[in-house]
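Written below as structure tokens is the structure these notes are about.
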Amino acid sequence: MAFTLRINGTQHSVDVDDDTPLLWVLRDVLGMTGTKFGCGMALCGACTVHIDGTPVRSCITPVDSVGNSAVTTIESIGSTPAGASIQRAWLDHQVPQCGYCQSGQIMSAAALLAGNANPSDSQIDDAMSGNICRCGTYVRIREAIKSAAASSRQGG
């Protein structure tokens, strides 16, 4: 079936089965490989993208459910205020080790900050709970989110 998707502000026409996961449309059809495949069951968070600003697991999101919604991937999250702030903080706090989970982590963190400019530790933990980091950089992730939030509140 033919679908027109709005991804990162650009319209894309794709011809795929209606139950094709959005992840595979992004990676295999459109060549946007920043969104990662981890578990295929929405348990690890590596495939997180935003649909109308809400973080979702693209590995279990069928393309026919996207409709006219705006999809944002890691490729363009830096163009949003929350995303740019998170990306700077990620580098400042040297969050990545292997880096595989980082696109999903950043997408979840950016969604959190877009909706909550001053999250508590428990709110950060709740927002990030669906993202697994096998390297265990959770302390640096939390510190980076706090730093990005403080920077955003100070206008940076």
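The values are calculated or read from the model by the stated rules, or taken from the named source; none is laboratory data. What you see is a predicted model, and the numbers here were worked out from it, not measured in a lab. Note that we place each Cβ from the backbone using ideal geometry, even for glycine, and neighbour counts take in every protein chain shown.
Take the range 83-99 and flag every residue that is of a type outside the set (Val, Ile, Thr) and crowded, with 23+ Cβ neighbours inside 10 Å.
Passing the criteria: GLY83, SER85, ALA89.
For residues that are in contact (Cβ under 8 Å) with a residue 40 or more places away in the chain and within 19 Å of MET107 (Cα to Cα), scanning just the range 6-22, find the one that is surrounded by the most Cβ atoms within 10 Å (Cβ to Cβ).
LEU22
What number of residues in the range 50-82 are in contact with a Leu (Cβ under 7 Å, 6 or more places away or on another chain) and surrounded by 21 or more Cβ atoms within 10 Å (Cβ to Cβ)?
7
In the set ASP15, ASP52, which member is over 23 Å from MET128 (Cβ atoms) and out of contact with any Cys (no Cβ under 7 Å at 6 or more places or on another chain)?
Exactly one residue qualifies, and that residue is ASP15.
On the given criteria, is VAL25 β-branched (Val, Ile, Thr) and surrounded by fewer than 19 Cβ atoms within 10 Å (Cβ to Cβ)? Steps first, answer last, please.
Values: β-branched (Val, Ile, Thr): yes; surrounded by fewer than 19 Cβ atoms within 10 Å (Cβ to Cβ): no.
Criteria not met by VAL25.
Out of the range 106-131, which residues are modelled with pLDDT of 95 or more and under 13 Å from the mean Cα position of the chain (by Cα)?
Result: ILE106, MET107, SER108, ALA109, ALA110, ALA111, LEU112, LEU113, ALA114, ALA127, MET128, ASN131.
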